[in-house]
Amino acid sequence: MIDKKTHRLIRKEIYIVGILFFGLFIAMIVYFCNYVNNGSKEFIYNAYNSRFSVFSDDVVRGNIYTADGKVIAKTAYDSEDNEVRVYPDERLFCHAVGYVGQGMAGLEAQYSFDLLKSNITLEDQINNNLAGQKSPGDSLYTTFDYDTQLAAFDGLGMFDGAVIAIEPDTGRIVAMVSKPDYDPNTIAKYWDDITDSTKNKSSLLNRATSGAYPPGSTFKIVTTLAYLRANNGDDTFSYSCNGKFEIDDYTIHCSGNKKHGSEDLLKAFSNSCNSAYAYMGLELDRNAFIGTSEDLLFNTTLPTLLDTTKKSSFKIDDKTKDSIVAQTAIGQGSTTVSPLHMCMIVSAIANDGVLMEPYLADKLISADGQLVSQTEPVEYGQLLTKEESQLLQSYMAAVVEEGTAEKVNFGEELTVYGKTGTAEYTEDKSVTHSWFVGYAVDDNGNKLAVAVIMEGAGYGSKYAAPLAAKVFEAYFQ
Amino acid sequence: MVNVITSFSRITILSFVLIFTLIDLVQIFEYKLNEAVYSILSTIQSVMVVLFLFNGTFVLFMAKEDAGMIMLGIFTCIFFVGFYVAVYRLSVFVPRALINNMFLFISFGIIALARLKTEFAAKHMIFLFITLVISLLVIMGLKYVDRIERFMYIFAIVGIILLLIVAFFGQVENGAKLSFAAGPIRFQPSEFIKLSFLFFISGCIVTFKDMRGFLIASIGSAVHVVALVLARDLGTALIFLTAYVFVMFIAYKNYIVLSLEIGVATIGGILAYHYFPHIQTRFIAWTDPLSVVDDKGYQISQSLFAIGTGGWLGSGLNKGMPNKIPVVTMDFIFAAISEEMGAIVGVCLIVCFACTVMLILNAAFNCNNSFYMLVSSGIAVLFAVQTILNIGGVIKFIPSTGVTLPFISYGGNSLLSLMLCFLIVSCSNNLYFDSRQGRRHDR
C-alpha cells in the first residue's frame, strides 16, 4: 500500500475534475434560479401555455382599478352563473387594459398571472378550498387618473389619433387613449369585424405606444438641441425668413407662406419657422445630429415598463440628399415617432433632463387589502443636461406665450410649456396631422407632460393644443 | 380536503428534500467526519427519503384515489432494504451517503412516474427488482474474475460491434438510432457500453504504464464515438467523449493533453453542427424556442412553461399539467418535478446530483486499486455529464441532447446500467481484494 500523503498527491486530479463539474452544476443552478425568478414571468404569458386555465379553477380573476379607485375591469357572472369579464367603461381604457376572451391583450395579458393568484391568508384559502369556493384573485391598481383619461378620450372625439399623459418626476402614465378603438366587452362577438383588414383601421393597435407618425414641427425640439450641442450650448443664431427655403429643386414653405423676417433661435422656435430650421439642419454635422437624436432615444427600444412599444426611427447619412436633410430637420422625411416617445422627451425636459421610465401598473393588492407588490419609479438616466433642459424649457414657454400656441387658453393657474406640430403624411399637403407636445406646472410644482396627435385634423395650434389644455385642466383640478 | 393535503404537502415535501440536501452538503466531506456523526447524518437522510416517498405517494393516493400508490411506496422501501443488505454483504465499507442519494433519486422517479403515468411506475418498479438481481449477479461475477483488465480488448470489440449493429439496424427514435428489440425487451446497448468502455480505457491505462496505453485507449475511444455519431446518438457520443477526456486527465495528469483534447472536441462539435441538420434545429429551439413553438421549440417551450408556471413552491402534486410536455416521462421529467414540487425542490435535486458526483469521486479517491479508481472516476464523469446534459436541456441552459435523467427517467436499460455503476462504486475496494490471487501489486 502507498502511504496516505503520496496517495493524496497522485490523485489530486480527481478533485480538480470534481470541482470543475461542481462548478458546472452551480452555474446551472444560478441559471435555473434566474429563470424562475426573472425570466419566467415574461416567457409564460403565451397562448401555448395552457396552464392558466388550471389557475382559474381555484381563483376568480382579480379586478383592475384606476389610481383613484374606479373599477375598470372586473369579473361578473352571467345569467347561467358563468364568469364573464366586464369593462364598465367600455371603450375608455380598451388599449391599455386590453381584453380577455379572444386571447389576451394589454394589462390583462401582462398581469394575467398576478390577477389569477390569490394572496389572501392561508387560512381563508384553506376554508375556501374546503367549502369548494374559489378564492378571490389579487387586484391590479393602475396609474390612470379617471378624469384625465375621460378628458383625453372625449377631447379626441371622432378623430383618430392618440393622447398620452405622463408625470415627469415619476413616469406614471395618467392617461393613454388611442382611436379608433373597440369595446372589450364584445370583442369576441365582433372579432371578425374588428380584425377585417378591408374595413378596419387597425382598431386593436395602441397608437399611443405603437403608432409611427411623422413628428412634424415637434421634431424641432431635437433639431434645436442638436444645434445647441454643435455650438457648445451657445444659442446665438440669426436667419432672415422670406417665407420659403429653396434647396436643389425643392422648396420648403413656412406655414401659411408667412414671412417671419429676421429671427434668432428663440423666435425661429416659437414661430416654428420651417425655413430657419431647414437652413439650420443643413449646417449641422450629420453624425452629430444622429447622435443627438439617439441620445433622445431614437432608433432604440424605448426604456419603459410597458409590454410593447415601437422604436422611433431617424435616419440620415452622408449620402442623403440635401433636400431630404432639410425636410428631416423640420420633422418630415422618413422620420417616425410614437406619441409615447414624444411624451417621454418632453417629460425629460420638464424633469431637468432626467427620464423616468413610464409605467402603468402601480401595485397589486390582495382581496383582503394587503399590499402584494408595488412598482417603484425607475430612473433611466440623464437624456440631456440640466442647462440644455432649462434653455429648451424657456423656448417652449415662448411658444405658449408669444408663438404658435399663443391663442390657446390653458387656464390662469398653470404655466405651460409646449410645441405644436403640423405633419404632412401624404403627397396632399392640405391634409395634416395635428400635434401638440408639452407640459404644465401648477403653483405647487406638480407637473404633467402630454403628447397629443389628431390624425388629419390640421394645424396643431387649432386642434391638438386645445385638447392638451383640456387634459391639463382635468388633471390639475 | 385533497386540495388542502396537496397544498400542505408542498411544504412538507420541500422540507424533507431540503433537510436531505443540506445533510448531503456536509456528507461530501465524509472522510473528514467522525464516524458517529456520519452514521447519525446518514440515518436522518434515510428517514427523510422514506418520509418523502410516503408523503408523495400518499398525496397521489388521495388525489387519484388509487391504493396502488401506497403499494408503490411499500415496494420501493422493500427494494431499498434489499439493496442495502446486498451492499452490506458485498462490501466492508458501506457508503451510506451515496446509497441514500440513489434512494432519493429512485423515490423521485417513482413519485414522478406514478403521477404522470401510473402503469409506467409499476413497470419501473418491476425493472428495479430485476435490475437489482441482474446487477448483483454481475458484481458477484466480477469478484471472482482475476485481473479483469486482461479482457479489455474484448470489452472494446464487443462494445464497438454492438454500437455498429445499432447504427445500421437499430430502430429510429427522435432522429437517432438507439435500440433494437429482442422479443418484448427493448435493448439499448449504449447504456451498457458506457461501462465496458470505462473498463476498456481503465484497462489500457493500468496494463501499459506509458504512451501505449494512452494511444490504444484514444484509438478505441475514437471508434466508439464515431460509431455513436453514425447512429446519430450525439448526446451519448458527448458523454463518452467527456468520460474519455477526464479519465485520461486523472490517469496522466497532463494539462496540455487535456486542453488539446477539449480543443479537438470543440472543433468536432462545430463540424457536427454544420453537418447534422437536426443539431441545427435543436440549436434554434435552444436560442429562441418561442420562434419555433409550433414545431421544434414546442417541447422546450412547454418545459419552460411548466417550470415557470410552477414557480418556487410548485403547483402541488397532481395539480399541474406536466403531461402537456412531450416525452415527459423520459427526457423532460425534471420539468414535471419542478412544476409540481416547485423550483426549490428542483434546485435541491440538482445539488443532490452534484453531491452524488462528489461522493463517487470520494469513493474513487479512496479506492485502493488503480483500475477501479479509474473506473469509479469515469462513472462519476458519466453521471455528471449525463445529469448536466439532461437538466441543462430541460431548463434551456444548453441545447437539448435527448439523454435521460439518471434513476428518475423511465427506462430499464439505463436503470440497469446505473445500478451496476453504483454497485461497482460502492464495492470498489472489495471487488479487487477477492480477485487478488496472483501476485499483483497496486500501482
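Ordered by residue, what ³J(HN,Hα) values in Hz, to whole numbers, does region B:45-56 give under the Karplus form 6.51 cos²θ - 1.76 cosθ + 1.60, where θ = phi - 60° and Gly and Pro are x?
Working through the residues one at a time gives 4, 4, 4, 4, 4, 5, 4, 4, 4, 6, 4, x Hz.
How far apart, in nm, are the 7 Å Cα→Cβ label points at B:Arg212 and A:Asp322?
Those two pseudo-labels are separated by 8.7 nm.
For every other residue with a beta carbon closer than 13 angstrom to the beta carbon of B:Glu340, add +1 if it is Lys or Arg and -1 if Asp or Glu, then tell me the sum. Intermediate values should be presented prior to the final figure.
Numbers: positive: A:Arg51, B:Arg10, B:Arg115, B:Lys319, B:Lys324; negative: B:Glu339.
Value of the local net charge: +4.
In whole Hz, with x marking every Gly and Pro, tabulate ³J(HN,Hα) for region B:35-42 from phi via Karplus 6.51 cos²θ - 1.76 cosθ + 1.60, θ = phi - 60°.
4, 5, 4, 4, 5, 5, 4, 4
Hey, for a label at B:Phe151 modelled as a point 7 Å past Cα toward Cβ, could you say which residues of region B:188-231 have their backbone N under 19 Å away?
Inside the label zone: B:189-208.
Starting from the 7 Å offset along Cα-to-Cβ, what nm value, one decimal, do you get for the label separation of A:Ser79 and B:Tyr275?
Between A:Ser79 and B:Tyr275, the label points sit 7.1 nm apart.
How would you classify the protein assembly as shown from its alpha-carbon gyration tensor, with a ≥ b ≥ c the square roots of the eigenvalues: rounded for a/c under 1.5, else prolate if a/b is greater than b/c, otherwise oblate? Write out the running numbers ahead of the final one.
On the way: a/c = 2.96, a/b = 2.03, b/c = 1.45.
Prolate, since a/c reaches 1.5 and a/b exceeds b/c.
Between A:Lys41 and A:Ser240, what FRET efficiency comes out of the Förster formula 1/(1 + (r/R0)^6) with R0 = 60 Å and r the beta carbon distance, rounded to 0.05?
Values: r = 58 Å, r/R0 = 0.97.
In this case the efficiency is close to 0.55.
Using a Förster distance of 35 Å, how high is the FRET efficiency between A:Ser373 and A:Glu294, based on the Cβ-Cβ distance and rounded to 0.05? Could you put the intermediate results ahead of the total?
Numbers: r = 33 Å, r/R0 = 0.96.
Once the sixth-power term is evaluated, E becomes 0.55.
Which ³J(HN,Hα) values, rounded to whole Hz and listed in residue order, are derived for region B:116-123 from phi using the Karplus coefficients 6.51, -1.76 and 1.60 in 6.51 cos²θ - 1.76 cosθ + 1.60 with θ = phi - 60°, glycine and proline given as x?
7, 8, 4, 5, 5, 5, 5, 5
Taking H placed 1.01 Å from N in the peptide plane, check which residues at least 5 places from A:Tyr380 or on another chain put their amide H under 5 Å from its amide H.
It is A:Leu355, A:Met356, A:Glu357, by chain and number.
Provide the gained length on full extension for the span B:Ile44 to B:Val133, in nm with one decimal, where the gain is 0.36 nm per separating residue minus the Cα-Cα distance. If you can, show how the numbers build up before the last one.
Numbers: separation 89, 0.36 × 89 = 32.04 nm, distance 2.74 nm.
Extra length available between B:Ile44 and B:Val133 comes to 29.3 nm.
Per DSSP H run of at least 4 residues, take -39500 (n - 2.57); add these up for chain B, divide by its residues and hand me the 222 nm value, nearest 500 deg cm²/dmol.
-25500 deg cm²/dmol, from helical runs alone.
Once Lys and Arg get +1 and Asp and Glu get -1 on their Cβ, which of A:Thr304, A:Ser238, A:Leu360 lies farthest toward the positive end of the dipole of region A:226-363?
The one lying farthest along the dipole's positive direction is A:Leu360.
Report, by chain and number, residues whose modeled amide H sits under 5 Å from the one on B:Ser179, excluding near sequence neighbours (fewer than 5 apart, same chain).
B:Gln171
Among the lysines, select those whose C-alpha is under 27 Å from the C-alpha of A:Lys244, and discard any that sit fewer than 8 residues away in the same chain.
In chain and number order, the partners are A:Lys220, A:Lys258, A:Lys259, A:Lys267, A:Lys315, A:Lys319, A:Lys321, A:Lys407, A:Lys419, A:Lys429, A:Lys462.
Grab the DSSP H runs of chain A that are 4 residues or longer, score each as -39,500 (n - 2.57), total them, divide by all residues and round the 222 nm result to the nearest 500 deg cm²/dmol. Intermediate results must be reported in sequence, preceding the final value.
Working: 19 runs with 172 residues, N = 477.
Roughly -10000 deg cm²/dmol at 222 nm, from the helical runs in chain A.
For chain A, take the longest principal axis of its alpha carbons; what is the angle in degrees between that and the long axis of helix A:464-476, to the nearest 10 within 0 to 90?
Taking the Cα atoms of chain A, the angle to A:464-476 is about 50 degrees.
Which one, B:Gly311, B:Met358, B:Pro399, projects farthest toward the positive side of the charge dipole computed for region B:291-443 from Cβ point charges (K/R +1, D/E -1)?
Final value for the positive-end residue is B:Met358.
If r is the Cβ-Cβ distance from A:Asn409 to A:Leu130 and R0 is 56 Å, what FRET efficiency results, to the nearest 0.05? Mind showing how you got there, number by number?
Details: r = 63 Å, r/R0 = 1.12.
For A:Asn409 and A:Leu130, the calculated efficiency is 0.35.
In degrees, nearest 10, range 0 to 90: what is the angle between the Cα axis of helix A:146-156 and the longest Cα principal axis of chain A?
50 degrees
Residue separation times 0.36 nm, minus the C-alpha to C-alpha distance between A:Thr301 and A:Asp248: what's the value? Write down the numbers at each step before the final one.
Working: separation 53, 0.36 × 53 = 19.08 nm, distance 3.50 nm.
Result for the pair: 15.6 nm of gain on full extension.
Explain nothing, just the number: dipole magnitude of region B:13-172 about its Cα centre with +1 on each Lys and Arg Cβ and -1 on each Asp and Glu Cβ, in debye rounded to the nearest 20. Could the numbers behind the result be given before it?
Values: 10 positive and 8 negative charges, 41 e Å.
Computed charge dipole of region B:13-172: roughly 200 debye.
When the Cα atoms of region A:312-421 are enclosed in a convex hull and the volume is divided per residue, what value in Å³ results? Display every interim value, and only then the final one.
Numbers: hull volume 19.6 nm³, N = 110.
With only Cα atoms used, region A:312-421 gives 178 Å³ per residue.
Under 5 Å between amide hydrogens, which residues at least 5 positions from A:Asp362 or on another chain qualify, with H placed 1.01 Å from N in the peptide plane?
A:Tyr141, A:Thr142, A:Thr143
Under a Cβ-Cβ cut-off of 12 Å, what is the net charge of the residues other than B:Lys117 that fall near it, where Lys and Arg count +1 and Asp and Glu count -1?
Surrounding charge for B:Lys117 is +2.
So how far apart, in nm, are the two label points at B:Lys117 and A:Asp192 if each is 7 Å from Cα heading toward Cβ?
Each label point is offset 7 Å from its Cα along the Cβ direction, giving 4.1 nm.
Values in this text are rule-based calculations from the coordinates and carry no lab data. What you see is a predicted model, and the numbers here were worked out from it, not measured in a lab. Heads up, the Cβs are rebuilt from the backbone with ideal geometry, glycines too, and the neighbour counts pull from every protein chain shown.
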